[in-house]
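Below is one structure, written out as structure tokens; comments come after it.
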Amino acid sequence: MRPYRPQEIEPKWQAAWERDGLFRADDSPEDGRERFYKLHMFPYPSGDLHMGHAEAFAISDIIARYRWMQGYNVLHPIGWDAFGLPAENAAIQRGMHPKDWTYGNIPQQERSFRRYGMSFDWTRMLATSDPEYYRWTQWLFLQLYRAGLAYRKMAPVNWCPKDQTVLANEQVVQGRCERCGTIVVRKDLTQWFFKITDYADRLLEDMRELDWSDRVLSQQRNWIGRSEGAEVTFEIAETGDRIPVFTTRPDTLWGVTFFVFAPEHPSLERLAEAGGSADAVKELQDRLQRSDPAERQAASPRDGVALGVHAVNPVNGERVPCFVAPYVLMDYGTGAVMGVPGHDQRDFEFAREHGLEVRVVIQPPDVPEVEPTEMTEAYPHEGVMVRSGPFDGVRSPESIAQVIAWLEDAGKGRAAVSFRLRDWLISRQRYWGPPIPIIYCPACGDVAVPESELPVLLPEDVDFSPHGESPLARHPGFVDVACPSCGGPAKRETDTLDTFVDSSWYFLRFVSPRDPVRAWEPEDVERWLPVDLYSGGIEHAILHLLYSRFVVKALFDLGLVPFREPFTRLVNQGMVIMDGGAMSKSRGNLVGFAEELDRWGADVIRLTMMFAGPVEDDLDWATVSPAGVRKWLGRVWRAVHEVAALKETAGEVDGSTGGALRRVTHRTIKVVTADYDRNAFNVAISKLMTLTNEIQRVLEGGTVSVPEAREAAEALVLMLAPMAPHLAEELWREALGNAETLVHGPWPAWDEDLAREDVVVMVVQVDGKVRDRITVPADLGEDDARTRALDSGRVRALLDGREVVQVIVRPPRLVNVVTRGSN
RNA sequence: GCCGGGAUGGCGGAACUGGCAGACGCACCGGACUCAAAAUCCGGCGCCCGCAAGGGCGUGGGGGUUCAACUCCCCCUCCCGGCACCA
């Protein structure tokens, strides 16, 4: 028997599959197979694959291959998230042009994927930096622009001083740039936005139909941050300004003792003027201007300045003093809040700091009346409304709805919903991205580039080193253009689009990647989408996944796609770590994918990754054992060859195993199929190991039923195929002698009767403790079960001197004899 | 603080819908083969008592429901992830 040598068989089958085009998705409408769209988040072409890719893409490939074997017409495409800062920065570091860097890396990474046995439809490969792709990214922008979903405004935005560009809120993590970790600063700039906030409610609502993990769903829910409450308008007594506030606790309106504005509030200047506090307010604003958001919060938490004007509480006509304080944020709610120190901790602290009255209007249940001067903290919970005019005695939470109804009747306020989600900032002051297809004409204003003139090509001869303004602005040949509308001299927009715009629609382009006249074929989109199973890293829980959901909803509203959600089912693989922490050059624990691949081969790496644990858990490479997997595959190799050899010598067909192996085989097919369906590959592998053990045991037993052994070996090979495709194909074709590839199946079927066990071990308990085990037929009746359990010698001994109260019989697995002791 | 998830042998992890806890593997221990080692094969392996047969305990902690709880309910601890002066 030949030894198992992955290095020999893997390239052989990779070449054969490629030659026969086995992984090409079939677009033809006549193809009667059910379709399956398996997509993995496309990678950034960094030059090579690492161990994280090895796990993630193993998952994707296993699922795709499993569906092929089940007879599906599978779309499993690959492309490159090629535009964006990482590529641009990497290129600058190496003194290269981003284009050369990117397109130099792609073939190398492609080779690694092929060596790993990936079943991609390579004919559909695309890169977001291809003009044939970003033409349609620009087209998408224009669709949203026309629909009023892309707009430009001056706003305080996040600026990364290192990357020299603005960032979306989603790209700022704890005040730092998500990419480079630099602390971001606030700047007032005119920028392009997508109006994702219009979709906040639907993004929340439609999550119900998604088969995604709670983890991702809760992250999106938190990010959108919906809260219900009321908007109530206060009038400024001295000036007549009407200032709305948002509150989730309208039931505390009678407890308002002051009113606070955010330092950036637009009405502030005028009010300060009226109140004679202009200098003090200006000083506060200047001080804040010089500090970053983190300092601002830490410095003096209950900082604030009185404005000298008063707000009138609409519910009782009381005049309360107005303040400006940094704890009120301009970008949430209305930028002003009512101060209810009795029932909001921040307001409480502010009131104590500034000597303001604390009023209790919600009485906690089951405690004596609260004395405001003795309070050490606010009471933010539910209770009974007191000192609240018409509402005295009303309990929360019902009180909130009642107060809102009352406010609406009286014209003093209305029910309102507030979101944390902000619009998506999509313009970037960097080079390596799709130019935004807008032209500024002094006569006509903002003009969309006509679709017939797309793509707006990204010029290559650009000084793209980051200067804080768009590199394209320094390229006169790019900037100066004739207005498409009036023909007069005009200027192009010089910002480029955020990388996340590129990736928010690529799953659509994969269905018609070469279509020269439209972004996608409607019929193909209808046939393939939405994506049946999407896989990728949890780091995109909000960013890419939220953006893609928004884009699809917008396209749905425009009648451009017939579905509302892009990704029906989502699986997020865990990270690959080393010795309990991240792999990194600085920790000196970097495991090279290429080296591991050379050493073990693709099949062993794939299986090792999958056997380590559930796909969504982190995987510590230091604790796994490719050697263990390699050993098992060696046993599979030998066992299958030995079974195949039986056929040649033949003659020893008998029923010596009594069909036991058949039963094991069919039971294994049944459970392993279920394991594949729920992506429980670690469990599937353990069952296949057990099947291998059973086959070996039968072989060592001397007498073997050849058809039985062969059926077991074939099933084993087929079920192993998605995970270890090269080994499986080699055994299928060369050892078992099949003429056709197993890539397109068939996935083994099981016989339900055989999958059912015929004899089982029945547990006999006395008072819930296992006292005996009896082998019984699986179709054992209730009476038989009871009789045999009570006949058991061990049980009878234990029952001596005890009264049997009850016998629970659950044939054929368990009998529990319940007793009452008399001894 | 709020939201979501979790805690099972030395380790990774199994366990359907409440019915034998610890499948499968790693590590470890013992044995076979070998001059020796590697490879391979066989056996053992939750904890405690016991020569053994056997018994007791055991799924983060405490309570509860049930004939029966890793699984369901209540309370608590700790860990992971998200949000967080969000009004």
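Only the coordinates and a few stated rules stand behind these numbers; no lab work does. Predicted model, so just to flag it, every value in this text is computed and none were measured. Here the Cβ is made from the backbone with ideal geometry for all residues, glycine too, and neighbour counts use every protein chain on show.
Quick look at the values:
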quantity	calculated
Neighbour-count order for A:C322, A:C177, A:C444, fewest beta carbons within 10 angstrom listed first	A:C444, A:C177, A:C322
Above-threshold pairs, the threshold being 24 Å between Cα atoms, out of A:K99/A:K585; A:K153/A:K187; A:K38/A:K553; A:K38/A:K631	A:K99/A:K585; A:K38/A:K631
Gained length - A:R290 relative to A:E453, 0.36 nm times residue gap less alpha-carbon distance	54.2 nm
Exposure proxy order (Cβ contacts within 10 Å, fewest to most) of A:K631, A:K769	A:K769, A:K631
Relative contact order computed over the range A:227-418 (Cα-Cα under 8 Å; 6+ residues apart), in percent	28
Centre separation in Å (Cα based) which lies between the range A:95-148 and the range A:716-773	41
Computed FRET value (nearest 0.05) for A:A778 with A:M1, which takes r as the C-beta separation and R₀ as 35 Å	0.40
Residues with amide H under 5 Å from that of A:H343, placed H, sequence gap 5 or more	A:Y379
Computed label-point distance, nm, for sites A:F556 and A:M330 using a 7 Å Cα→Cβ extension	3.6
Nearest-0.05 FRET efficiency for A:R395 and A:A415, computed from C-beta distance (R0 25 Å)	0.85
Chain A: antiparallel DSSP beta bridges as a percent of all, rounded to 5	75
Residue-by-residue Karplus 3J(HN,Hα) for the range A:44-53, coefficients 6.51, -1.76, 1.60, Hz, glycine and proline x	7, x, 8, x, 7, 8, 10, 5, x, 4
Distance between modelled label sites at A:T197 and A:E377, nm, 7 Å Cα→Cβ extension	3.2
Estimated FRET transfer efficiency when R0 is 56 angstrom, pair A:R527-A:K491 (beta carbons, to 0.05)	0.85
Residue-span extension gain [A:D31 to A:D211] - 0.36 nm each, minus C-alpha spacing	62.0 nm
Label-point gap, in nm, between A:E740 and A:E283 - each point 7 angstrom along Cα→Cβ	8.7
